[in-house]
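Trainee: Pasting a structure here, questions to come.
The values are calculated or read from the model by the stated rules, or taken from the named source; none is laboratory data. Quick caveat: nothing in here was measured; it's all calculated off a predicted structure. Note that we place each Cβ from the backbone using ideal geometry, even for glycine, and neighbour counts take in every protein chain shown. Ligands, DNA and RNA are excluded from the accessible area calculation, which covers all protein heavy atoms including side chains. Shrake-Rupley method; radii C 1.70, N 1.55, O 1.52, S 1.80 Å.
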Amino acid sequence: MIKGKIYTLIFTATLSLASCSGQITNEQNSKRTLVEVDTAQADLAKAKNQGLLKIYSQAISDYITEVHKQNLIVLDTLFFGKRNNGQPDDFPDITLPESIQSVNIQLIDPELGKKLQDEKKSRVYINLMGWVDDQQASFIFVTFSNGFEHKFDYHVEYQYHSEQKDYALTASRIEVFSK
């Protein structure tokens, strides 16, 4: 009789331990799954930011090429306004290269852009609006100089080619507002 009670007690204790072990394993698996999901989301966000950085850099390079070709303004530094007003065309959370085609690139607050224009009229300040998705990208470079005078707008559009995994220029035009 005592032997049977001991076996029952051992059996019950073993079941309890196995049950707790399963709960710990399930909790560990849940935590591991959450970490894997967080890591995958972080990797996806990083890849998206790298893609945004690439197409924004390409658009800026095309802007510089066109401005030189049209001889519209002299470029040594471009000041881009970092707008964050909760709008779809706000500047994305990317870090632009320090220079593109030997032109210095600076991302600044719009208030500082106004101050820099007041200090030196030849500085170029750009309000860059961009819309990028999986199939196409469009940008408008609203360009100010001469004490915040609206000089011209550069419109550029790209189409995504999945074979090359890259955007290709499809159209561009300049609208000049001042002489």
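Trainee: Considering every residue within segment 87-94, establish whether at least one is at pLDDT 90 or above, under 26 Å from G51 (Cα atoms) and open to solvent by less than 30 Å² (accessible area, probe 1.4 Å).
Mentor: no
Trainee: Now a separate question. Residue pairs, Cβ under 6 Å, 6 or more apart or interchain, first in segment 95-113 and assigned to a strand (DSSP E or B) and polar (S, T, N, Q), second modelled with pLDDT under 95 and buried (at least 17 other Cβ atoms within 10 Å of the Cβ). List them.
Mentor: Q106/F79
Trainee: Now, a different point. If I filter segment 103-122 down to residues being among the polar types (S, T, N, Q) and open to solvent by 70 Å² or more (accessible area, probe 1.4 Å), which single residue comes out as farthest from L75 (Cα to Cα)?
Mentor: Q106
Trainee: Which number in (1) farther than 19 Å from Q58 by Cβ; (2) modelled with pLDDT under 90 marks the one condition that H150 misses?
Mentor: With respect to (1) farther than 19 Å from Q58 by Cβ; (2) modelled with pLDDT under 90, H150 is out only on (2).
Trainee: Which members of segment 161-171 meet the condition of being in contact with a strand residue (DSSP E or B) (Cβ under 6 Å, 6 or more places away or on another chain) and of a type in the set (S, T, N, Q)?
Mentor: Passing the criteria: only T170.
Trainee: So, one more: Among the residues of segment 163-177, are any under 22 Å from E66 (Cα atoms), modelled with pLDDT under 90 and open to solvent by 70 Å² or more (accessible area, probe 1.4 Å)?
Mentor: Yes - at least one qualifying residue is present in segment 163-177.
Trainee: Right, something else. Of all residues in segment 123-160, count the ones that are assigned to a strand (DSSP E or B), of a type in the set (D, E), touching a strand residue (DSSP E or B) at 6+ places or on another chain (Cβ under 7 Å) and open to solvent by 40 Å² or more (accessible area, probe 1.4 Å).
Mentor: The qualifying residues number 1.
Trainee: Taking segment 59-94 on its own, how many of its residues are closer than 20 Å to H155 by Cα and free of Cβ contacts under 8 Å to residues at least 40 places away in the same chain?
Mentor: Here the count works out to 9.
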